[in-house]
Amino acid sequence: MAEEIRIDLRVNGHMRTGEVEPRMTLADFLRDDLGLTGTHLGCEHGVCGACTVSLDGATVRACLVLAVQAEGADVLTVEGLADPDGALSELQQAFQDQHALQCGFCTPGFLLTARELLAERPHEELTDETIREAISGNLCRCTGYGTIVQAIRSVAQGRGQ
């Protein structure tokens, strides 16, 4: 067993500390050590997008990032999207309203990816094609993507686009 390394990072606005093996992924640290099981593990090769989190403001595949690489970083998981009182974020509410999920396995990755898109282009008109391109790295086997695109578009339009 390899010697463990101490890491300190901010997760969903709270300072967290852990002792991790050098080869532990950020996804495994979030799920197993911190109990944040909203970060799902699908392919574990960075292809499906189920493990998407925000790392210092940019989405990453948590299955491809080592936990030690997140030392000192600011991580946002799907659990951190809702308000502290539990109220859904605007984007989460749109996914619910548009029925943009079925089994929900891929939903955390889509939410974090859509959040980044909306933050990067807050005043740009987002077409269905633009949205589909932005979410193309996230795989869903249930919805067919139509309602996911509608949910993201509804939030973009609500922001004055």
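Bear in mind these aren't lab numbers, they're just calculated from the coordinates by the rules spelled out. These numbers come from a predicted model, not from an experiment. Methodologically, a virtual Cβ is constructed for each residue, glycine included, from the backbone with ideal geometry; neighbour enumeration extends over all protein chains shown.
Remark: relative contact order (the chain) = 23 percent; criterion is Cα-Cα distance under 8 angstrom and separation of 6 or more residues.
Could you tell me whether region 47-108 comes out rounded, prolate or oblate from its Cα gyration tensor? Rule is a ≥ b ≥ c as square roots of the eigenvalues, rounded for a/c under 1.5, then prolate if a/b exceeds b/c, otherwise oblate. Cα axes put region 47-108 in the oblate bin. Return the Rg/Rh value of region 5-80, two decimal places, where both radii are evaluated on C-alpha atoms and Rh is the Kirkwood radius. My calculation puts Rg/Rh at 0.91. Using only Cα atoms, locate the centre of region 29-97 and the centre of region 131-161, then give the distance between them in Å, rounded to an integer. A separation of 18 Å, based on Cα centres.
Might you report the magnitude of the Cβ-based charge dipole of the chain about its Cα centre, with Lys and Arg at +1 and Asp and Glu at -1, to the nearest 20 debye? In total the dipole reaches around 400 debye. Toward the positive end of the charge dipole of region 2-161, with +1 on the Cβ of Lys and Arg and -1 on the Cβ of Asp and Glu, the farthest Cα among Thr59, Pro22, Leu9 is that of Thr59.
Per residue, the Cα convex hull of region 90-158 amounts to 72 Å³. When the alpha carbon coordinates of the chain are projected onto the principal axes, the ranges are 50, 30, 25 Å, largest first. In the chain the longest region clear of trypsin sites (Lys or Arg not before Pro) that are loop-assigned by DSSP and have at most 14 other C-beta atoms within 10 Å covers 24-140.
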